[in-house]
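Read the figures in this text as sums done on the coordinates, not as results from a lab. Keep in mind it's a predicted model, so treat the numbers as computed, not measured. Neighbour counts run over all protein chains shown; Cβ positions are idealised from the backbone, glycine included.
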Amino acid sequence: MGIDAGFDMVPRLSKSALDRFNWDSFIRRVKEEYKDDDRVEIKPNYIEFNVGEHPLLPFEGHKFLRFSSKISGSLCGDAQEYVSTVSLIAEVSFGSRALCWSEIYDQYGHYGWKEVHESIRTYEQRDPQERPTSIAQLITGTDPIADMGLSLYEIRSIPGKGKGLVARFNISKGARIIVEKPLFTITPAAASIESNVIAKVRALSKDQQRQFLSLHNNFQGKSIFGGICKTNALPCGVDAIVGGVYPTICLINHCCVPNAHHSWNSKTNSETVHALRYIQAGEEIMIAYDYDKASAPRRANLKNSFGFDCSCRLCSLPRSELQKSDERRLRIKQLDEAIGDSSRVMNTPVLADCQEMLRLLDEEYDGGSSPPDARLYYDAFQIAITHSDQARASVFGERMYKARVVCEGEDSPATVCAKNFMQHPAQHLNFGASKRWRTTKTAVPKGLNGEQFEKWLWRSQSG
Ligand SMILES: [Zn+2]
């Protein structure tokens with residue numbers, strides 16, 4: 001006997017290109033997580049975890065029903081830690097389709113053990129390779145995109161906007177759409193001097209020079225090289241002065257309610273773009289050059305900094321609707337300032353502001369608000385840990401981690417940092433500044449329903 005825990009894939013994955021792509025991304029994340037762990041073995045057709053009951057993850061996702069192990073008893077070793085980490089990565093990759101369960105909480109898997117064991121027996125033998133017979137078949141999804149090295153986007157002309165990127169396939173939330181190194185990096189001050197930019201461009205290969213010169217210039221009449229830099233450079237990190245110019249990422253157009261997010265990965269020195277929500281095949285992929293201002297200052301900044309008049313779906317709303325959005329953005333800004341006030345955090349800590357701000361962000365960004373959500377969960381984490389509340393801090397840490405994975409990926413330094421705070425909240429510098437809400441990490445209540453849990457988390461009853 002013993003207690004089992006794990007996750008089931010419900011419904012099971014198909015052989016469609018999208019499901020294969022998502023499974024491959026999940027497998028990559030797991031490999032990345034355990035690359036230095038000799039208890040996790042990469043076999044020809046699956047990953048084997050040499051803990052507990054040796055759970056497996058096959059490389060062919062359509063065969064998979066369950067990942068689980070006994071997590072108590074003499075033979076389980078550290079199985080619980082492995083099962084919960086892999087389940088969390090699955091949840092981040094597949095959302096509620098990865099149905100996590102644990103017998104500790106009286107939860108049981110979706111499938112019967114007989115069919116689970118049958119599915120595991122098929123891992124050993126790979127299916128014969130199927131190749132698409134036509135482009136139509138490829139688009140409707142019978143071949144793995146990643147295996148064929150195909151990209152998720154194509155470059156197209158977009159009426160009124162020059163070029164842009166359009167999704168070739170349905171793209172799931174959190175998928176990495178593109179990763180790219182800059183052609184070069186430059187500060188705005190240096191970019192304003194034409195000879196500096198020309199020197200940077202001269203140092204490029206002929207192909208790269210062509211890529212640079214094919215980028216859009218919204219500042220016609222002034223110097224071309226500086227104009228292209230000003231139109232296209234993206235900051236290398238939040239608040240960074242240095243900007244990067246990219247051959248493909250710079251073709252991505254702006255939207256005030258973006259469906260994708262770009263971020264600088266200082267570890268790999270590259271820029272990544274992730275889907276903030278589900279993107280349908282044929283939809284334009286768009287990022288936000290300017291995030292949180294109300295419409296008038298936002299549009300003025302876009303005009304001044306990037307040289308265009310924004311006509312995105314938010315900016316084109318009727319006046320009354322746009323006003324609602326402006327009010328939300330102003331309220332978000334107010335809350336953000338109140339939440340960041342350090343004397344308030346210390347003396348009159350309130351989590352309700354964070355909860356209200358999350359709701360407004362969700363409304364304003366159509367559910368695609370992972371970047372500001374991640375920052376906000378970090379604020380909530382800091383409030384909790386300042387008052388020694390490790391239980392809530394670990395939950396906020398987990399939510400911050402999940403939001404970071406969506407918008408920046410598992411390998412981003414900010415995601416790694418969020419994960420560390422999730423696992424070891426007490427390592428934060430502010431831990432113990434006050435003992436007002438002291439709890440241990442294991443004091444997260446069990447057996448509450450969703451609504452009750454949120455009430456506990458945000459201290460809605462006790463204030
Ligand atoms: Zn706009």
Next item on the list: For ASN218, put the label point 7 Å out on the Cα→Cβ axis and report which residues of region 294-335 keep their amide N under 19 Å from it.
Entry: 294-317
Next item on the list: Would you compute, for the Cα atoms of region 311-463, the largest minus smallest coordinate along each principal axis and list the three values in descending order, in whole Å?
Entry: 50, 36, 33
Margin query: Need one word for region 287-397: rounded, prolate or oblate. Basis is the Cα gyration tensor (sqrt eigenvalues a ≥ b ≥ c); a/c below 1.5 gives rounded, then a/b vs b/c decides.
Written below: prolate
Next item on the list: Take the Cβ-Cβ distance between LYS206 and LYS161 as r, set R0 to 25 Å, and report the resulting FRET efficiency rounded to the nearest 0.05.
Entry: 0.35
Check: If you average over every viewing direction, what projected area does the convex hull of the Cα atoms of region 377-424 give, in nm²?
Finding: 2.7
Notebook entry, point to check: Say a paramagnetic label sat at a point 7 Å from the Cα of SER343, along Cα to Cβ; which residues of region 420-447 have their backbone N under 19 Å from it?
Noted result: 434
Next item on the list: Could you calculate, for region 36-81, the ratio of the Cα radius of gyration to the Kirkwood radius, expressed as Rg to Rh?
Entry: 0.99
Check: Hey, which lysines would be in cross-link range of LYS206, C-alpha to C-alpha under 23 Å, not counting anything within fewer than 8 residues on its own chain?
Finding: LYS163, LYS181, LYS230
Notebook entry, point to check: Once fully extended, how much extra length lies between VAL416 and GLU118, figured as 0.36 nm per residue of separation less the alpha-carbon to alpha-carbon distance?
Noted result: 103.6 nm
Item checked: Segment ARG436-HIS254, length gained on full extension (0.36 nm per residue, minus Cα span) -> 61.0 nm
Check: Give or take rounding to whole Å, what are the principal axis extents of the alpha carbon atoms in region 4-121, in descending order?
Finding: 41, 33, 26
Item checked: Calculated Rg and Dmax of region 149-306 using C-alpha coordinates, Å -> 15.4, 43
Checklist line | Two-site FRET efficiency, VAL350 against ILE42, from Cβ-Cβ distance with R₀ of 35 Å, rounded to 0.05 | finding: 0.15
Note to self: Can you compute the helix-only [θ] at 222 nm over the chain? Use -39500 (n - 2.57) per DSSP H run of at least 4 residues, normalise by all residues, nearest 500 deg cm²/dmol.
What the structure shows: -12500 deg cm²/dmol
Check: If we restrict to alpha carbons, what Rg and Dmax does region 58-123 come to, in Å?
Finding: 12.3, 33
Notebook entry, point to check: Seen from all sides and averaged, what is the projected area of the convex hull of the Cα atoms in the chain, in nm²?
Noted result: 25.6
Next item on the list: Given the peptides 440-447, 372-379, arrange them by the average over their residues of other C-beta atoms within 10 Å, most packed first.
Entry: 372-379, 440-447
Item checked: Distance between region 353-406 and region 41-94 - C-alpha centres, whole angstrom -> 28
